[in-house]
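The structure appears below as structure tokens.
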Amino acid sequence: MIPPMRIGIDARLHAYRPGGISTYARELSRALLELGHEEQEYIVLQHWREARSWVSAANRARLLTPPHHPWEAWALGLELASKRLHLLHSTDFIPPQMGARRFVITIHDVAFMKYPEFLTAAARRHYQGKIHAAIQKADHILAVSAATKDDIIQWLAVAPERITVQHHGFREEFRPHTAAEIQQARERWKLPADYFLFVGTMEPRKNLSALLRGYRMLRAQQAEAPALLLCAPEGWCSERIHQEVADAPGVIWWKQVPSAALPALYAAARALVLPSHDEGFGLPALEAMASGTPTILSDIPALREVAGELGWWIQPDEPQTIAAALSAALEQGAQQEQERAAAIQRSRRFSWRRSAQIAQKVYASLR
């Protein structure tokens with residue numbers, strides 16, 4: 001009898017930084033374990049500082065090597081030597097020099113190549129210095145959207161057959177809430193009576209300066225406009241926007257948001273606003289759609305891939321289009337319920353289970 005493939009899922013980043021990649025690593029590993037596979041065995045690789053785990057002790061290994069460390073490629077490989085991995089899935093795209101027979105990497109976006117001015121010098125060196133070696137090391141590449149796959153082909157000259165598209169999913173907690181549930185959430189989380197919502201890391205690619213300018217335009221026209229709630233952990237270069245946030249009336253900034261609060265935050269919002277210059281997938285857009293919350297999104301390929309023609313579309317470099325979309329969201333009428341139902345229906349195209357099934361097929365192809 002052939003023993004099952006022993007597959008390591010690198011989830012170390014989850015102990016360090018909230019965000020899309022950490023969510024991807026957590027939810028994909030959960031879905032893989034729930035789905036199961038008679039020919040595959042999964043070991044979730046967590047950092048030792050992870051206070052809580054989402055998997056049983058039998059399905060995890062605790063490692064010392066931190067993510068994004070200068071010696072990570074060698075230190076992680078040495079740590080993995082005893083794990084007897086057939087395959088390592090590097091969910092943050094940088095595989096070690098050794099530690100498994102086969103390697104799969106996930107590339108979430110190539111914004112660090114398309115928009116190098118949005119990163120610190122250290123971050124540019126880290127990502128741009130690692131990406132080509134990662135591609136050479138990888139036996140296969142997962143891209144979180146067709147838009148990202150196209151970018152990988154264009155910017156990194158990777159053959160299309162080496163890349164498989166693997167969309168994100170959403171947790172079942174992201175769903176429409178009843179009026180009673182929303183009122184309970186307002187009281188529990190001290191939410192504004194009415195608000196627009198932004199969810200994402202505070203860093204230049206997310207384009208919060210343009211969002212604030214568009215929101216100020218709206219407030220100039222409608223002084224009683226809903227609040228703007230920024231659920232935005234600080235990222236790189238975030239200090240540039242601190243004063244803009246402080247000077248903007250009606251803006252509320254939550255630097256830390258309990259994950260338990262997010263479903264209600266989406267469900268109670270007037271609309272989600274995501275004015276990014278670039279996205280690999282755009283998980284907040286999907287979570288808002290699943291919650292039945294309208295979306296105001298940048299007209300960029302990845303977000304079109306998620307939302308189709310639903311919601312309002314803005315140009316990230318034109319704050320006046322953001323102001324117009326915010327105003328339109330306040331004036332939506334009879335079609336609101338129809339749009340809401342269409343968004344919920346479209347969101348069902350995406351699931352972590354489906355994402356895990358795609359991963360399983362890729363793993364199996366590398367036996």
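Just so it is clear, none of the values below were taken in a lab; they were calculated from the coordinates. Just so it is clear, the structure is predicted and the values come from calculations on it, not from any experiment. Note that we place each Cβ from the backbone using ideal geometry, even for glycine, and neighbour counts take in every protein chain shown.
Springs join every pair of Cα atoms under 10 Å in this Gaussian network model of the chain, and among Ile141, Ile43, Ile241 the largest mean-square fluctuation is at Ile241. Rg/Rh for the chain (Cα atoms only, Rh after Kirkwood) is 0.97. Which of rounded, prolate or oblate describes the range 187-254 when judged by the alpha-carbon gyration tensor and an a/c cut-off of 1.5? In terms of gyration-tensor shape, oblate. In the range 141-226, the ratio of gyration radius to Kirkwood radius, Rg to Rh, stands at 1.14 when only Cα atoms are counted.
Taking amide H positions as modeled 1.01 Å from N, with prolines and chain starts lacking one, no residue 5 or more places away or on another chain lies under 5 Å from Gly280. With runs of 4+ DSSP H residues as the only contributors, calculate the mean residue ellipticity of the chain at 222 nm using -39,500 (n - 2.57) per run, divided by the residue total and rounded to the nearest 500. Only helices count here, giving -12000 deg cm²/dmol.
Suppose every Lys and Arg Cβ carries +1 and every Asp and Glu Cβ carries -1, with no other charges. What dipole size does the range 179-347 come out with about its Cα centre, to the nearest 20 debye?
Details: 14 positive and 20 negative charges, 67 e Å.
Roughly 320 debye for the range 179-347.
For a test of the definition: using alpha carbon positions, the gyration tensor, and the 1.5 limit on a/c, classify the range 179-347 as rounded, prolate or oblate.
Values: a/c = 1.26, a/b = 1.12, b/c = 1.13.
Rounded is the answer for the range 179-347, as its axis ratio a/c remains below 1.5.
Computed from Cα positions, the angle between helix 208-221 and the longest principal axis of the chain comes to roughly 20 degrees. Per-residue 3J(HN,Hα) values for the range 171-185, derived from phi via the Karplus relation 6.51 cos²θ - 1.76 cosθ + 1.60 with θ = phi - 60°, read 6, 5, 5, 7, 7, x, 10, 6, 4, 5, 5, 5, 5, 4, 5 Hz in sequence order (x marks Gly and Pro). Considering the chain as a Gaussian network with a 10 Å cut-off on Cα pairs, which listed residue, Asp92, Asp247, Asp278, attains the greatest mean-square fluctuation? Its mean-square fluctuation being the largest, the pick is Asp247. Debye-formula intensities of the range 87-191, expressed as log10 I(q)/I(0) at q = 0.17 Å⁻¹, are -0.79 (one equal scatterer per alpha-carbon, no solvent). Note on the chain: with a GNM built from Cα contacts shorter than 10 Å, the maximum mean-square fluctuation among Arg62, Arg188, Arg12 falls on Arg188.
Cα gyration tensor of the range 291-367, axes a ≥ b ≥ c as square roots of the eigenvalues: rounded (a/c below 1.5), prolate (a/b > b/c) or oblate?
oblate
What is the fewest-to-most order of His47, His242 by other Cβ atoms lying within 10 Å of their Cβ? Let's see the in-between values first.
Values: His47 18, His242 12.
Result, fewest neighbours first: His242, His47.
Please list the equivalent ellipsoid semi-axes of the range 2-50, computed as the square roots of five times the alpha-carbon gyration tensor eigenvalues, in descending order and whole angstrom. Walk me through the numbers on the way to the answer.
Details: eigenvalues 103, 27, 8 Å².
So the equivalent ellipsoid measures 23, 12, 6 Å along its semi-axes.
Compactness of the range 30-107, taken as the C-alpha radius of gyration over 2.2 N^0.38 Å, stands at 1.08. Shown for the chain: lysine pairs separated by 8 or more places, or found on different chains, whose C-alpha atoms are under 28 Å apart, numbering 18.
Cα centroid separation, the range 308-367 to the range 72-106: 33 Å. The eigenvalues of the Cα gyration tensor, multiplied by 5 and square-rooted, give the range 1-150 an equivalent ellipsoid with semi-axes of 25, 17, 16 Å from largest to smallest. Centre-to-centre, using Cα atoms only, the range 232-286 and the range 146-180 are separated by 20 Å.
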